[in-house]
Structures are given as structure tokens and as C-alpha cells.
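These notes are about the structure you will find just below.
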Amino acid sequence: MNYTDRHIVETYSGLFEGLSSLSKIELIESLSKSLKTEKTSIESKFFKSFGAFSSDKSAEEIIKNIKSSRTFKNKEIKF
């Protein structure tokens, strides 16, 4: 464990001291679940993101709309 990780763990440990025993148990359960599903969760979220944008317009219409909405500012730079 590197210094940064250790510091983060110690900081959170100080926050947990004020929690009730039941809250600490629920926190442990939540952390345990996150360890079990961490890799698959990240991968599944990535693959679920495909096709998330939905529109009746064609790709060409969307591209044309994006390009036409662009605005540029001409700013003179003095040296």
C-alpha cells in the first residue's frame, strides 16, 4: 500500500469511529460487494453505454446540426 492509499484509509477510519455498530456492518457488507463486482461492473457499464444515445435523426443530420451550432470568436492578440 502506498502512502496516499494509507492516508486515505486512515482518514476514512477516523470518520467511521462515530458510526454505530450496525452502520459499520452495513459498510463492511457494501465494501465486500464492491470488491466482488468491481471488474465486471466496470466492464458491463462500459458495454451498456453503447447505443445510449437515441435519436430519430440520421447521423448526417446530427453531424450537420453540431457543425452548424459551432461558434467561433475572433480575438486579436497583441504582442
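Odds and ends about this structure:
- Taken together, Ile66, Ile42 contain a single residue that is at pLDDT 90 or above, of a type in the set (A, V, I, L, M, F, W, C) and assigned to a helix (DSSP H, G or I), which is Ile66.
- Flag if Ser13 is of a type in the set (Gly, Ala, Ser), modelled with pLDDT under 85 and out of contact with any strand residue (DSSP E or B) (no Cβ under 6 Å at 6 or more places or on another chain): no
- Lys64 being surrounded by 10 or more Cβ atoms within 10 Å (Cβ to Cβ), out of contact with any helix residue (DSSP H, G or I) (no Cβ under 7 Å at 6 or more places or on another chain) and without any contact (Cβ under 8 Å) to a residue 60 or more places away in the chain: yes
The values are calculated or read from the model by the stated rules, or taken from the named source; none is laboratory data. Everything numeric in this text was worked out from a predicted model, so none of it was measured. Glycine also receives a Cβ, built like all others from the backbone with ideal geometry; neighbour counts cover every protein chain displayed.
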